[in-house]
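All of the numbers you see were taken from the coordinates with simple rules; none came from a lab. Fair warning: this is a prediction, and the values are worked out from it, not measured in the lab. Glycine also receives a Cβ, built like all others from the backbone with ideal geometry; neighbour counts cover every protein chain displayed.
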Amino acid sequence: EKGGYDYFMLKEIAEQPKAVADTLLGRIDGSGSLRLDEVRIPAGALREIDKVVIVACGTAFHAGMIAKYAIEHWTRLPCEVELASEFRYRDPILDAQTLVIAISQSGETMDTLMALRHAREQGSRVLAICNTNGSTIPRESDAVLYTHAGPEVAVASTKAFLTQLVACYLVALYLGQVRGTKWGDEIRAVIRDLSSIAGAVDRVLGTMEPVRELARTLASKKTVLFLGRHVGYPVALEGALKLKELAYMHAEGFAAGELKHGPIALIEEDLPVVVVVPSPRGRSVLHDKIVSNIQEIRARGARTIVIAEEGDEEVVPYADHLIRIPATPTLLQPLVATVPLQVFACELATARGNEVDQPRNLAKSVTVE
Ligand code: F6R
């Protein structure tokens, strides 16, 4: 049932192009507009929404962090994202004009369930993004957009994360479409880009051997740091979470701009630091900033592992190891940038002799608060 792979995790990583394509399937019509019939919240109500709040845990929370960038950009609605376990304890401001999005692979995570119950008690509408048909979270929500990743067996989430991202982009673009923002042309262009993104994920998977080799050389390290900016920041957090879960290593993700406010003190000779570099096109300020961050940490001895778009030559002199990903629109980059980090963590876990599919102390669905 592992389809020839040693671990479910490897199988699930390999299934990502299909999972992404399946999650898009039937949701884009012939004219290039979104059709999300499952989102049964009437268009009129969606036009009245004045705030979006996303609740989730772990990897799903990282998907939510990325969704915030997309939702705010394409809809101009304020969007908050909060750990489900913190949410209801701070008396959050919620009303009928708040759209709450609960993201959960299993649909059974108790923290997320309690957060959505709290939101519904305050009169908010709840849209679930979920991978498990008929599970509790979608049953208790006003509407559900299912991710079509197929069953995810490995405890560490991979293909579910990518499909959560796709679902979040769809919701963001759909809200933009329904509410009619000035980004109409961009929204149509991104819908086109999404249609070809599964191919880009597939291309990344074809180039992972050097990443595996690199991971094996780092098996005896104690710490790995991850840096990113903008949507690369949640990708960095996700890379660090995968490494903690699977390799039991100390791993931390930082917003690259925060380096000088403290974390740079951690940099020492030969410390591996993975940097997720945004596209050099368009948002070039962001790119310039991260290039100088890479220079700063390298000057202090870090061993830089740079994930950068094909054709980005500026990073080459500062990369001890360079991992190439296909060029994508900035907001979609997490769909390709996360894949090498999954492979990296999986290979490190294997090299350290850990149980890949069933890491110690973890359960696939966390049904206690
Ligand atoms: C990470 C991981 C966990 C889950 C989290 C939420 O690899 O698997 O962090 O993402 O427990 O689970 P769901 O999405 O089922 O609510």
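Looking at P272, L24, N354, which one has the Cα that reaches farthest to the positive end of the dipole of the chain (charges on Cβ: Lys, Arg +1; Asp, Glu -1)?
Sorting the options by dipole projection puts first L24.
Just subtract the alpha-carbon distance of N133 and K289 from 0.36 nm times their residue separation and send over the number in nm, one decimal. Please report the intermediate quantities before stating the final value.
Numbers: separation 156, 0.36 × 156 = 56.16 nm, distance 4.29 nm.
Once the chain is fully extended between N133 and K289, it gains 51.9 nm.
If you average the C-alpha positions of region 287-301 and of region 237-286 separately, how far apart do those two centres end up, in angstrom?
So the two Cα centres are separated by 11 Å.
Would you mind checking which residues have amide H under 5 Å from I101's amide H? H placed 1.01 Å from N; only 5 or more apart, or other chain.
Those lying under 5 Å, H to H, from I101 are V53, I54, V55, L127.
From the helices alone, meaning DSSP H stretches of at least four residues, give me the mean residue ellipticity at 222 nm for the chain, per-run term -39500 (n - 2.57), in deg cm²/dmol to the nearest 500.
-13500 deg cm²/dmol
Considering only V171, V285, V155, give the residue with the highest GNM mean-square fluctuation for the chain, with springs between Cα atoms whenever their separation is below 10 Å.
Taking springs between Cα atoms under 10 Å, the residue moving most is V285.
Nearest-5 percent of antiparallel DSSP beta bridges in region 1-116?
Once the DSSP bridges in region 1-116 are tallied, antiparallel ones form about 10 percent.
Going Cα to Cα from K18, which aspartates and glutamates come in below 20 Å? Please leave out same-chain ones fewer than 8 positions away.
Answer for K18, where 20 Å is the Cα cut-off: E1, D6, D29, E152, D193, D202, listed by chain and number.
Considering Cα pairs under 8 angstrom that are at least six residues apart, work out the relative contact order of region 106-263 and quote it in whole percent.
13
Could you name the lysines whose alpha carbon sits less than 18 Å from that of K11, not counting residues in the same chain fewer than 8 places away?
Partners within reach: K2, K159, K242, K364.
So if each residue of separation counts as 0.36 nm, and I subtract the Cα-Cα distance between K182 and E38, what length gain in nm does that give?
49.3 nm
Arrange the following residues from fewest to most other Cβ atoms within 10 Å of their Cβ: I187, I103.
Ranking I187, I103 by Cβ neighbours within 10 Å, fewest first, gives I187, I103.
Evaluate the distance, in nm, between pseudo-label points positioned 7 Å from the Cα of H250 and of R281 along their respective Cα→Cβ axes.
Taking the simple label geometry, H250 and R281 are separated by 4.1 nm.
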